[in-house]
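For reference, the structure is listed below as structure tokens.
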Amino acid sequence: MEESKETYYDTLFQSSQRWHEAEHDLRPWWEYFVGTLTAAYKEFESRVGTLTTARGAKRGMVRNCVARLPARFRIGDVQRACPGVSYATLQRAMNELRRDGRVRCLGRGRDAEWERIGS
């Protein structure tokens, strides 16, 4: 808003003309507002990046998480780091990583420790 305050005041002035006669036009202000909102969303998207829901995106999230965790970790560590991923999806991703030779399971059950192979 600070960067475009002159435009804001201009559109506010245009929109308030003939206010007392109830013949004012809100379109200039509305167009300014929508433009500002659109610019804010574009800036947010550029800072955060585009979110994806493509097929396999959650398994990719698990793979990235495992790469950032310590060399030894538990499934619970991955669950906490990826709260939007179901346990079934997490298991599929871990099985893929195991098949690819990137991780190995060092025990049995949910509390089993896992180890990342290589870096």
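Over the stretch 57-99, the hull volume per residue, using the convex hull of the C-alpha atoms, is 62 Å³. Taking the stretch 99-115 and a reference point 7 angstrom along Cα→Cβ of ARG74, the backbone N atoms nearer than 14 Å belong to 106-115. On the basis of the beta-carbon distance and an R0 of 41 Å, ALA22 and GLU45 show a calculated FRET efficiency of 0.55.
Bear in mind that the values in this text are calculations on the coordinates, not laboratory data. Note that the structure is a prediction, hence the values are computed from the model and not measured. FYI the Cβ positions are ideal-geometry reconstructions off the backbone, even for glycines, and counts take in every protein chain you see.
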